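*Asks:* What follows is a single structure, and I will ask about it in a moment.
The values are calculated or read from the model by the stated rules, or taken from the named source; none is laboratory data. Computed from a predicted model, the values in this text were never measured in an experiment. Cβ placement follows ideal geometry from the backbone for every residue including glycine, while neighbour counts extend to all protein chains displayed.
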Amino acid sequence: MKNNKTVFLIILVFAFLNACKQEPKIEVQQYSIEQFYKNIQVRGGAFSPDETRMLITSNESGIYNLYEINIEDGSQKQLSNSTQESYFGIGYVYDGTNRVLYSSDKGGNEINHIYLLNEDKTSTDLTPDPNEKAGFAGWNNDRSSFYYVSTKRDARFFDLYKMDTKNWKSMLIYQNDNGYDISGISKDEKYIALGQSITTSENKLFIQSLDGKIVKEISVPELPGNYEAAEFSKDGKTFFYITNADKEFSYLVKYDMETGERTTFYETNWDVMFFSFSWNEKFRLIGINEDGKNTIKIFDNNTNEEIEFPQIPDGNILSASFSQSEKLMRLTVGTSKAPSNIYIYNLENNELKKLTDVLNPEIDETQLVSAEVVRYTSFDSLEIPAIFYKPLDASKRNKVPALVMVHGGPGGQARVGYFSLVQYLVNHGYAILDVNNRGSSGYGKTFYKMDDQNHGEKDLMDCVYGKKYLQTLEYIDAEKIGIMGGSYGGYMTMAAMTFHPDEFKVGVNIFGVTNWLRTLKSIPPFWESFKKALYAEMGDPFTADSIRLYNVSPLFHADKIKNPVMVLQGSNDPRVLKIESDEIVEAMKKNNIPVEYIVFPDEGHGFVKKENEIKGYGAILTFLDTYLKGEASTEK
């Protein structure tokens, strides 16, 4: 008996030692919120006329400004020095000067204007009407003029204008009296493509001659679905569009303008996201949304052979464009462990060159985590895809708290990519499950429509079951799980805290809807063309739908909230008005629920200034450490 006990103890000792060997303690270098927001965000990438430089948008200065990159050596020059408003680059003016076009609004109010940045660094507002919302819509064939859409004539609808870059005079070329969405113009200026929203999952697509004499419906009435304009061929004989009519996923169709013949041009088992030609149609580019990340395919348009180019590990190609000579290609590529960088691909010698390096050099990329696509089963056995971030030191011995994260929308998609806030929280010991609840895009039109007229119910249960999935993981502290989201995800956060008050220990609501009746009645006037479609999905607040909208609005049921909530809001948000957050915060305070509220007076629907991101997102960690992890944060 004694020997048996000895043997048993020896076995236990060896088992323990073996377990320790299999699960070594990982030391993680933690970084401050300031270090994470020393990362640089870059956007755009327009080639100069001589293709030696590139116009980009960067927030290196603290807010977004205009920069120029030398393509040969990667050196950068700051072109604008705004300290109040963010500037977003459009492109160079092709007139022998160094002038560029850019877009900007006021404090995030989304009333964008188009500006000319002159060589002396002064700016000229090319769309100066104070209530005019304007958007760049492309260059004409010889780049002597550009097209833009504007609400100058009618605040509800976008008309199409053309502006000459010699005298900066504009002329109306299409008056939009029917609330269509202008989605393309042919190179010969004979035709425009027009979309008409029916629901958020169905629309009609038309081609109309600019003289108004010819109108062709491209969408097929017997085959309802999404129809999106992609590209007119340069000779005007062919039109390409993307649709999911009669299929689960979107595919590319070629339409003969003379005969009306349709041919499926490209199809795969994921959504085709975009399609374009190079300037003289030497190449064609197809973007595919493949399980939460973009891949692209480039083809020689004459031989139809696919062009191979080097793969970027963990790379998610967010956008791409060709230079006018068709020798170079700009790629904006993100990974889950670093912000998006700009690359140049030389189509003649197959060289791939990285032009930017935006990750703060103080941060060791090996201390960050790669995103993983996972799937779990919801309450009704529906499979839910999600993007998962596991802290490096999470283990059975070191269980970590977790957050269910919910994307914006409705109809958005959690995607593989870099978000400093996510990596910051994971770096400080929080696992994050970024869910693609039913109603998300990217997983077929049936999945996309599953939350219509059902928001805050089945889609919310998908989030609750995301929590239950996290509880099955041996390295997650099952008692310390919260929920976080922005915009529609902020609504889902508040709905979870209100209608499932015992499920999540905390909630972080980033400019989320709390009163659907008000939000749907006060949408911006420039959403007029989309309003009926939005009402068809969400419910019409002026009808009997108002009863259901009341029932799923957290504000009217705030007495059910039990656990701490943090709210972040921009004062100038035109989509989710500040009063939405004011009222839910006041209701929680009235009920003695711990609530923290941060308002940014110079932000809109999304935060773009680094100082605000540092303040707001740093406060999220402090809040989570206090109310979820249960320990005070050391962050300053």
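*Asks:* Name the strands (runs of 3 or more DSSP E) wholly within the stretch 332-384 that hold at least 2 residues that are touching a strand residue (DSSP E or B) at 6+ places or on another chain (Cβ under 6 Å) and within 27 Å of Phe322 (Cβ to Cβ)?
*Replies:* Of the strands (runs of 3 or more DSSP E) lying wholly inside the stretch 332-384, those with at least 2 residues that are touching a strand residue (DSSP E or B) at 6+ places or on another chain (Cβ under 6 Å) and within 27 Å of Phe322 (Cβ to Cβ) span 338-346, 352-354.
*Asks:* On to the next question. Which condition from (1) in a loop (DSSP other than H, G, I, E, B); (2) out of contact with any strand residue (DSSP E or B) (no Cβ under 6 Å at 6 or more places or on another chain) is the one that Phe526 breaks?
*Replies:* (1)
*Asks:* Hey, does the stretch 280-296 have a residue that's closer than 25 Å to Gly442 by Cα, among the hydrophobic types (A, V, I, L, M, F, W, C), modelled with pLDDT under 95 and surrounded by 15 or more Cβ atoms within 10 Å (Cβ to Cβ)?
*Replies:* yes
*Asks:* Which residues, taken from the stretch 260-279, are over 23 Å from the mean Cα position of the chain (by Cα), crowded, with 18+ Cβ neighbours inside 10 Å and within 22 Å of Gln208 (Cα to Cα)?
*Replies:* Scanning the stretch 260-279 gives a single hit, Phe277.
*Asks:* Does any residue of the stretch 403-415 turn out to be more than 17 Å from Gln29 (Cβ to Cβ), at pLDDT 95 or above and either loosely packed, with under 15 Cβ neighbours inside 10 Å or of a type in the set (Lys, Arg) (or both)?
*Replies:* No, every residue in the stretch 403-415 fails to be more than 17 Å from Gln29 (Cβ to Cβ), at pLDDT 95 or above and either loosely packed, with under 15 Cβ neighbours inside 10 Å or of a type in the set (Lys, Arg) (or both).
For (1) surrounded by 16 or more Cβ atoms within 10 Å (Cβ to Cβ); (2) touching a strand residue (DSSP E or B) at 6+ places or on another chain (Cβ under 8 Å), each residue gets a yes or a no:
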| site | (1), (2) |
| --- | --- |
| Phe136 | yes, yes |
| Trp139 | yes, yes |
| Lys169 | no, yes |
| Asp188 | no, no |
| Tyr191 | yes, yes |
| Gln208 | yes, yes |
| Pro224 | yes, yes |
| Tyr227 | yes, yes |
| Lys234 | no, yes |
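*Asks:* A further question on this structure: Looking at (1) surrounded by fewer than 16 Cβ atoms within 10 Å (Cβ to Cβ); (2) outside any strand (DSSP E or B), can you tell me which one Phe249 breaks?
*Replies:* Result: Phe249 fails condition (1) only.
*Asks:* Quick one: what pairs do we get from the stretch 417-443, first residue touching a residue at least 60 places away in the same chain (Cβ under 8 Å) and closer than 16 Å to Asp364 by Cα, second of a type in the set (A, V, I, L, M) and assigned to a strand (DSSP E or B), C-beta under 6 Å, 6+ apart or different chains?
*Replies:* That search, which allows pairs on different chains as well, returns Tyr418/Ala338.
*Asks:* Would you say Asn436 is touching a Pro at 6+ places or on another chain (Cβ under 8 Å) and closer than 30 Å to Met538 by Cα?
*Replies:* yes
*Asks:* Separate question: Does the stretch 470-500 hold any residues that are over 19 Å from Leu460 (Cα atoms) and among the aromatic types (Phe, Trp, Tyr), and which are they?
*Replies:* Tyr475
*Asks:* Looking at Leu318, is it assigned to a loop (DSSP other than H, G, I, E, B), among the aliphatic types (A, V, I, L, M) and either out of contact with any helix residue (DSSP H, G or I) (no Cβ under 8 Å at 6 or more places or on another chain) or without any contact (Cβ under 8 Å) to a residue 24 or more places away in the chain (or both)?
*Replies:* For Leu318, the condition - assigned to a loop (DSSP other than H, G, I, E, B), among the aliphatic types (A, V, I, L, M) and either out of contact with any helix residue (DSSP H, G or I) (no Cβ under 8 Å at 6 or more places or on another chain) or without any contact (Cβ under 8 Å) to a residue 24 or more places away in the chain (or both) - is not met.
*Asks:* Go through the stretch 148-201 and tell me which strands (runs of 3 or more DSSP E), entirely inside it, have 3 or more residues that are touching a residue at least 40 places away in the same chain (Cβ under 8 Å) and closer than 27 Å to Val220 by Cβ.
*Replies:* Qualifying strands (runs of 3 or more DSSP E): 181-185, 191-199.
*Asks:* Across the stretch 410-460, what is the total count of residues that are more than 24 Å from Phe623 (Cα to Cα), of a type outside the set (Asp, Glu) and more than 15 Å from the chain's Cα centre (by Cα)?
*Replies:* 16
*Asks:* For Tyr491, which of the numbered conditions (1) over 18 Å from Thr514 (Cα atoms); (2) touching a strand residue (DSSP E or B) at 6+ places or on another chain (Cβ under 9 Å); (3) surrounded by 21 or more Cβ atoms within 10 Å (Cβ to Cβ) fails to hold?
*Replies:* (1)
*Asks:* Would you be able to say whether some residue in the stretch 264-276 is of a type in the set (A, V, I, L, M), touching a Leu at 6+ places or on another chain (Cβ under 9 Å) and either within 19 Å of Asp300 (Cα to Cα) or modelled with pLDDT of 95 or more (or both)?
*Replies:* Within the stretch 264-276 (the criterion being of a type in the set (A, V, I, L, M), touching a Leu at 6+ places or on another chain (Cβ under 9 Å) and either within 19 Å of Asp300 (Cα to Cα) or modelled with pLDDT of 95 or more (or both)), the answer is yes, since at least one residue qualifies.
*Asks:* Let me ask another. I want to confirm something. Restricting to the stretch 62-75 and keeping residues that are in contact (Cβ under 8 Å) with a residue 12 or more places away in the chain and surrounded by fewer than 18 Cβ atoms within 10 Å (Cβ to Cβ), which single residue is nearest to Asp105 (Cα to Cα)?
*Replies:* The residue in question is Gly62.
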